[in-house]
Every structure is written in C-alpha cells, then in structure tokens.
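The values are calculated or read from the model by the stated rules, or taken from the named source; none is laboratory data. Bear in mind the structure is a predicted one, so any value in this text is a computation, not a measurement. Quick reminder, even Gly has a Cβ in these numbers, built from the backbone with ideal geometry, and neighbours come from all protein chains shown.
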Amino acid sequence: MAVKVRRLTEADVPAIEKIERQITKSTRTSSLGRNVREQLKTAHAEACLAGEVDGAFAGFIVGDIRPWEFGEDRDVGWVKTVGVDPAFQGHGVGKALGEALLAHFKGKGVVLVRTLVEWHAGDMIAYLKGLGFDRSDMIPLERRL
C-alpha cells in the first residue's frame, strides 16, 4: 500500500473521531476532535499529519514543539496522539506518519522528541520502538484530585 502523508485539516476531524472510537471503544471522542481543531490553529499545525491510502483517510498523528520542557533549554518535539484505522493497521500507515513527523521535527532543528505511553499499551510501545524511541530517564508523575 502506498501511503500519502499530508497536513491534517479541520475536515478530517470526523474521521479522526471515528478512528478513535474504533480503537478505544470510547464514546468521548469529541474532546479529541476539539483538541485537534485547537492544535490546527497554532503555529505547529504543520505537525498535524494525515495518512491516506488510495484517497481514503487511513490515520493521523498530532505533534507539537515546545520551546522549553522540564528544564530543557532547547525545543522539544512531542508526539501527542496517533491513530490508524484498524482496516489499515499493519500496512505501514503509522510508520509513514511517524517518520514524516520526525522528519518535520528534524527540519525545525529539534533533536529530542518525547511522548507518553501507558505501561500496558504494548502495541503502542512496539510502534514507537520501531520509530527509534526508547525509555526515558524521566519518570512521569501524576496526582488524582
């Protein structure tokens, strides 16, 4: 399958929400759509990418560049979310999207890219390892209120 990578548009949001529902089985996908719409209005909208196969929307990846992050004195790229339509999983869509986002970051002079993944998300960890990610020296902490 040949994957075409392009910038996301607001018209893609319903397809993003559909993929999110298919993957997570959640009915609360409108918050993702709202967040993507907001990201598309920022200076980093070019880090929001869509993957198409034969003209069909097959997946998405949303990134961001932050000018400082936890004591870093350089720009840090972030992979915020990624999703591939289950019908296209295993066909290189995620890899094409991930590589395109990493190339975008590199073109912007970013040398460090981060993301967060839940421990039990083995498929996502494997995907990110395939893109060259590895464990970080940082430890995420959280507090529920």
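Structure summary
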| read-out | value |
| --- | --- |
| In the stretch 27-36, residue farthest from residue 86 (Cα to Cα) [restricted to those that are over 13 Å from the mean Cα position of the chain (by Cα) and surrounded by 13 or more Cβ atoms within 10 Å (Cβ to Cβ)] | 33 |
| Selection status of residue 94, closer than 17 Å to residue 2 by Cβ and surrounded by 16 or more Cβ atoms within 10 Å (Cβ to Cβ) | yes |
| Boolean, residue 59 is touching a residue at least 40 places away in the same chain (Cβ under 8 Å), farther than 21 Å from residue 110 by Cβ and within 12 Å of the chain's Cα centre (by Cα) | yes |
| Subset of the stretch 79-130 that is among the acidic types (Asp, Glu) and over 12 Å from the mean Cα position of the chain (by Cα) - its residue that is farthest from residue 23 (Cα to Cα) | 118 |
| Filtered residues of the stretch 37-49 (kept if among the aliphatic types (A, V, I, L, M) and closer than 17 Å to residue 85 by Cα) | 49 |
| Some residue of the stretch 90-107 being closer than 17 Å to residue 13 by Cα and of a type outside the set (Val, Ile, Thr) | yes |
| Residue satisfying all of: in the stretch 97-122; more than 25 Å from residue 43 (Cα to Cα) and small (Gly, Ala, Ser); surrounded by the fewest Cβ atoms within 10 Å (Cβ to Cβ) among these | 122 |
| Contacts under 8 angstrom Cβ, first residue in the stretch 120-142 being polar (S, T, N, Q), partner modelled with pLDDT of 90 or more, 6 or more apart | 136/114 |
